[in-house]
Structure formats: C-alpha cells, structure tokens
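In what follows, a single structure is set out as structure tokens and then discussed.
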Amino acid sequence: MRHAARIFRAEALKQHRRVFGSKLVVFSMLIWPLLTLAQSYYTLRPLAATPGIAERWPLAADPERLLAFLATGALGFTFFFSLVQSAWHFTFERQTGTLELLFLSPANRLVVVVANGFGALVQNVWLFACFAVAGFTLFDVARVAHLGMYAVVFLALLVPAVAWGALLNSLLIFSRDAAFLYTLLDDPMWFAAGVRLPTFALPGWLRAAGSVLPLTGSLVVVRGALLDGRGVGELAGELAALAVLSAVLLLTAVAALRLGEARARRTGQLGLF
Amino acid sequence: MIETVHLRKEFGTKVAVHDLNLTVPLGRVTGLLGLNGAGKTTTIKILATLLRQTSGTVSVGGLDPVRQPRAVRRRINLIAGGERMVYARMTGRENLWYFGQLYDVPGRVLRPRVAELLDLVGLAEAADTRVERYSRGMAQRLSIARGLVNDPDYLLLDEPTLGLDAPIARDLRRVVAALAERGKGVLLTSHYLAEVEQLCAHVYVIGDGRHLAEGTPAELVAQSGCHRTVRVAVVELTPRVEAAARAFAPAVRIAPGGVVELSGPGDVAGALTSTIIEAGGALKGLEIAEPTLEDAILALNDRPAAVIA
C-alpha cells in the first residue's frame with residue numbers, strides 16, 4: 001500500500017507538470033464544460049413550450065430542473081471524459097520513450113494506470129465540480145434525501161470513472177493505434193450515456209450500447225440522488241450494478257495489462273511509435 | 001552475475017539473437033559489440049525484462065526474469081543513449097524523484113541520492129530547471145542519473161555516451177569505471193570503441209545475433225587476424241622503388257601520395273624501409289599503426305561464421 005501511495009503521488013505530480021500546471025487549462029476545466037452546458041440548455045429549453053411535454057418528460061417543463069439535469073450530465077461527462085483525455089496523453093509516453101521506463105520499473109502496472117487516471121481526474125474536475133455544487137446551492141434545485149447522499153454521488157462518479165480510466169489507459173498503452181477511442185468516446189459517449197437527453201428518449205439499440213458505459217449508470221445514481229431525492233435503499237440496484245460494472249472494468253484492465261505486456265515482451269512493440 | 005545460456009530471440013521469421021551465451025559478473029564492465037542490427041539492444045532488453053526470449057535461459061543474480069520479473073527489475077536499470085526517456089515538463093530533480101517513487105526508494109534515502117546523482121552528472125545547478133530548457137547533453141546526463149536512482153546491482157548501458165560532449169563522456173566513463181570498482185556489474189554497448197577498450201575487461205562480439213568472439217580487447221585483436229600496418233611515404237615513387245616494394249611482399253599496397261603500405265605479422269618496418277632505400281627511394285615519413293578494436297570488429301564481422309566457430 002505504501003508503494004501504491006507513492007506512485008499515486010508521483011503520477012499526480014507528473015500530471016500536474018505535464019497538463020494541469022498551465023493557467024490556460026482552465027478553458028478545458030471550466031469554460032468548455034460551461035459552454036457545452038449552455039449549448040445544451042438553450043437547445044432544449046424551447047421544449048418547455050411544447051404541448052404535453054410535462055406528461056412525457058416532466059423535468060423539461062421546468063427550466064431550472066432542466067438546467068440541473070443538464071448540469072449533472074455535464075459534471076458526469078467531465079469526470080469520464082477527463083480520463084479519456086488522460087489516456088490519450090498517456091499514449092504520448094511512447095514518443096518520449098518513458099513508457100518503456102514505466103515497464104522497466106518494478107511498479108505494479110495496475111497501480112500505475114489507476115494512479116495516472118486518478119491524478120488526471122482529481123486535477124481536471126475539481127473546478128467544474130465546485131462550480132456545479134455552487135450552482136445547485138444557489139438555485140436550490142437539489143432534492144437530497146440526506147447529506148450523506150453527496151458522498152454517495154461523489155463515489156458513484158469517482159469509482160466507476162477511475163475504473164474506466166484504468167481500462168482506457170490499459171488499452172491505449174498497448175496499442176499505438178487505439179487513439180481512435182478518443183474520437184469514439186467523445187460525442188458518442190455524450191449521446192449514448194444520456195448526458196443531454198434522458199435515456200428513455202433514445203432508441204433501444206443506443207440504450208443497449210450506452211448501458212455498457214459506466215457514465216450511464218453514474219448519471220442514473222447522481223440524478224436520482226440529487227434531483228429526485230432518492231436514498232441509498234432506493235438506489236441500491238443501480239449502485240450494485242455500478243459496483244459490478246466497475247469491478248468488471250478493473251478486471252478487464254488487469255487482463256488487458258497482462259496480455260498487453262506479455263505481447264509487448266514478445267513483439268517489442270512497447271518501444272515503437 | 002548475469003548469465004544467458006543458448007539465448008534466442010525471434011521476431012516473426014527474423015532471428016534477432018541466436019544461441020548467445022553471455023556472462024556479466026559483478027565488479028566488471030563487460031562490453032557487447034557488434035554492427036548495427038547485430039542484436040545488442042535486443043539482448044539488453046531481454047536482460048532488462050522488456051523483452052522475453054524465445055528460448056534459452058537468463059539469470060540475473062540468480063533470479064529468472066520470466067518468473068520473477070519484479071525482483072529482477074529492482075536489481076537492474078537501463079540507460080540508453082539520446083535525450084529521450086525523461087519528462088520534459090518536469091525539472092531534473094522532479095524526474096529523479098518520480099522514478100525514485102516507481103522504484104520505491106525510501107524518502108530518507110531518495111532525497112540525498114537525488115542530490116548526489118545530480119551532482120555526479122553535473123546538473124546540480126540546473127536541478128530545478130525544467131528539462132525542456134536543458135541542452136541535449138544535459139537531458140542525456142539526467143537520463144544517466146535516472147538509471148542510477150535505484151542503485152542497481154546491474155547496469156545495462158546501451159550507447160550511453162551517444163551525443164555527449166567529450167568532457168561529459170569522459171566523466172561518464174569515470175563514473176562507469178567507479179561503479180564497477182564498487183562491485184556493480186555493467187554491460188556496455190557503444191559505437192565508441194576507444195571507450196570500450198578503456199572500460200571493458202571482457203568483450204563479446206556479436207553479428208547477426210550470433211556470438212562471433214569474446215575476450216579482452218587485446219585478445220579480440222589477436223583473434224581477428226588483424227596485423228599492424230606499416231606506411232612508408234617516399235619523396236618520389238619511381239617504378240624501381242615500386243617494383244622493389246612489390247618484390248619484397250606481393251601484399252604491398254600503393255596508397256595515394258606515394259605511400260607504400262603493408263600489413264602483416266611480425267616487424268616488417270625495418271626490412272621494408274631498407275628495401276625502398278636500396279632501390280633509390282628517399283623516405284618522407286614512416287608510420288606503424290597497431291590494429292585497433294575497430295579493425296578487429298570489422299574483420300570478425302566479415303569472417304564467415306564457420307571460420308569463427
């Protein structure tokens with residue numbers, strides 16, 4: 001555990017120096033999520049005037065609740081997409097030759113990829129998360145069963161996101177051609193996970209595709225806890241599903257790392273870029 | 001001791017290392033020489049656990065890199081030439097601290113060690129400057145310090161002085177020699193053969209992944225069949241002088257500028273100059289060149305495998 005903690009510290013410093021140390025990063029941490037939130041809000045707000053919308057999607061009939069719905073979506077997306085970005089940055093370690101050095105060291109590979117994702121996540125989301133909490137408080141739109149649900153919300157975002165990041169890092173490390181995931185997991189993830197629209201509005205095939213994304217389950221929990229006032233008991237099914245999905249992601253990451261490293265040791269492709 | 005027995009590595013249909021037996025004891029700098037593509041880097045990466053051999057066995061201090069890779073990684077480190085392999089946006093000190101965490105070097109040990117290593121590679125004053133501000137040589141020196149951060153028992157050096165200025169390369173050679181004196185086992189590949197001659201007590205020569213020869217640099221020169229070369233410069237190369245020289249030894253070569261060259265065993269300088277003088281030639285200069293390790297490597301590489309075996 002002590003070694004793992006040291007690797008977390010080291011990766012956090014590396015992430016800070018490489019990506020988050022610049023003041024301009026505030027554009028991706030806050031300005032960009034705010035702009036996309038505004039775009040979604042002003043695109044969907046006219047729905048409030050649609051006859052019968054209160055029956056079909058009650059939340060859309062209330063502009064403040066609609067904004068809260070979209071803000072939770074943007075918050076969740078910021079969590080998960082920061083890990084896609086982090087994994088993409090990890091691929092640059094091939095070019096710098098440092099990827100081989102990570103694998104030359106005795107550090108546990110899973111700890112390294114989890115620490116890398118965690119370091120990126122914490123440094124990327126804190127600003128928008130603070131902004132979102134401030135917004136919820138200011139507009140008084142949150143309906144929370146009890147204060148402990150804020151911790152549940154945080155964990156429902158953090159744990160699956162870190163598992164997700166570990167998997168992405170594992171895949172992107174071992175295939176120099178896996179950068180297409182970056183494109184695949186941008187707008188499509190936004191769409192399929194129900195960030196902007198409730199998943200019931202999506203066609204069945206897209207709902208099925210979205211169900212394997214941990215962001216989908218996280219948003220169900222976050223919105224249930226923050227917007228509908230549901231407690232742990234009411235969300236137990238969703239939380240259990242999220243825990244199982246996170247475990248599956250981590251186990252897949254372990255398998256990907258093992259297979260990937262074995263393949264790299266056989267083919268020597270770790271040093272190729 | 002690092003030991004490989006019948007080491008073989010294939011990449012698809014290409015055999016990069018073929019039946020290589022190698023020993024790297026503690027307390028000695030061992031050289032691994034060969035032309036480009038000979039299999040040196042592949043061998044080093046196998047020893048560093050970055051590659052897995054197709055067949056044969058490897059032992060690093062009694063540990064099996066296939067079965068006990070993490071234990072092996074704690075005892076080795078690899079330094080490759082070039083300024084890559086460090087993080088450009090981190091300072092020199094931060095880079096060493098970062099890798100120290102990966103190697104789980106205790107904090108009370110790491111702090112003084114980082115300072116000591118930065119001093120060792122002449123980067124103490126630039127310790128808190130971002131690496132992106134470093135010159136190529138400075139980044140390379142940091143890479144060397146990085147390779148020592150876990151105080152490895154065995155150090156694998158793959159062209160470590162590539163691109164370094166002469167004084168820095170000389171300092172590095174001193175460091176490498178000192179490491180061996182302190183009991184470390186060092187395996188060195190280098191294209192600077194003078195460096196190998198100076199540092200290595202024992203050298204392996206490989207070509208196309210095969211073992212060609214081994215021994216001290218002097219033994220390799222002897223094994224290669226290379227001989228000293230005598231160069232006699234004459235004021236005017238008349239037909240009579242040339243004929244006399246060729247009569248002395250059919251292997252005589254006439255180089256541009258009227259230089260008579262002859263390579264061969266034994267001391268032929270005196271006899272050749274006497275022959276030229278007797279034929280009416282006037283001497284302008286005389287040079288006796290001993291065969292170098294470079295001559296030996298080239299000669300060994302040119303010889304058919306069957307002859308070497």
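Quick look at the values:
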{"read-out": "Flag for residue B:100 being touching a residue at least 12 places away in the same chain (Cβ under 8 Å), touching a Ser or Thr at 6+ places or on another chain (Cβ under 9 Å) and in the same structural domain as residue B:171 (by TED's automatic domain parsing)", "value": "no"}
{"read-out": "Selected residue (criterion: nearest to the other protein chains (Cβ to nearest Cβ)) from residues of region A:22-66 that are under 21 Å from the mean Cα position of the chain (by Cα) and small (Gly, Ala, Ser)", "value": "A:28"}
{"read-out": "Test: residue in region B:46-66 that is within 20 Å of the chain's Cα centre (by Cα), under 25 Å from residue B:297 (Cβ atoms) and of a type in the set (Gly, Ala, Ser)", "value": "yes"}
{"read-out": "Filter pass, residue A:98 being within 14 Å of another protein chain (Cβ to nearest Cβ) and either polar (S, T, N, Q) or touching a His at 6+ places or on another chain (Cβ under 8 Å) (or both)", "value": "yes"}
{"read-out": "Candidate set: region B:40-88, residues that are touching a strand residue (DSSP E or B) at 6+ places or on another chain (Cβ under 6 Å) and in a loop (DSSP other than H, G, I, E, B); chosen: the one nearest to the other protein chains (Cβ to nearest Cβ)", "value": "B:48"}
{"read-out": "Total residues in region B:101-135, condition within 14 Å of chain A (Cβ to nearest Cβ), more than 17 Å from residue A:16 (Cβ to Cβ) and assigned to a helix (DSSP H, G or I)", "value": "7"}
{"read-out": "Residue in region B:215-235 that is in a helix (DSSP H, G or I) and over 22 Å from residue B:294 (Cα atoms) present", "value": "no"}
{"read-out": "Unique residue being under 16 Å from residue A:124 (Cα atoms), surrounded by fewer than 19 Cβ atoms within 10 Å (Cβ to Cβ), in contact (Cβ under 8 Å) with a residue 40 or more places away in the chain and within 14 Å of chain B (Cβ to nearest Cβ) when the list is A:3, A:89", "value": "A:89"}
{"read-out": "Some residue of region B:20-32 being in contact with a Ser or Thr (Cβ under 7 Å, 6 or more places away or on another chain), crowded, with 23+ Cβ neighbours inside 10 Å, over 27 Å from residue B:104 (Cβ atoms) and in contact (Cβ under 8 Å) with a residue 60 or more places away in the chain", "value": "yes"}
{"read-out": "Subset of region A:115-129 [farther than 23 Å from residue B:85 by Cβ and either facing chain B (nearest Cβ under 9 Å) or of a type in the set (A, V, I, L, M, F, W, C) (or both)]", "value": "A:118, A:121, A:122, A:125, A:126, A:127, A:128, A:129"}
{"read-out": "Selection within region B:111-126 - crowded, with 19+ Cβ neighbours inside 10 Å and either modelled with pLDDT of 90 or more or at positive phi (or both)", "value": "B:113, B:114, B:117, B:118, B:123, B:126"}
{"read-out": "Filter result (within 19 Å of residue A:87 (Cβ to Cβ) and within 9 Å of chain B (Cβ to nearest Cβ)) within region A:9-21", "value": "A:10, A:11, A:13, A:14, A:17, A:18, A:19"}
{"read-out": "Residue that is nearest to residue A:89 (Cα to Cα), among those in region B:89-98 that are at pLDDT 95 or above and facing another protein chain (nearest Cβ under 7 Å)", "value": "B:98"}
{"read-out": "Filter result for residue B:152 (closer than 24 Å to residue B:49 by Cα, surrounded by fewer than 18 Cβ atoms within 10 Å (Cβ to Cβ) and either within 12 Å of another protein chain (Cβ to nearest Cβ) or touching a residue at least 12 places away in the same chain (Cβ under 8 Å) (or both))", "value": "no"}
{"read-out": "Residue check for residue B:258: surrounded by fewer than 20 Cβ atoms within 10 Å (Cβ to Cβ), in the same structural domain as residue B:28 (by TED's automatic domain parsing) and of a type in the set (Gly, Ala, Ser)", "value": "no"}
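The values are calculated or read from the model by the stated rules, or taken from the named source; none is laboratory data. Being a predicted model, the structure only gives us computed values, none of them experimental. Glycine also receives a Cβ, built like all others from the backbone with ideal geometry; neighbour counts cover every protein chain displayed.
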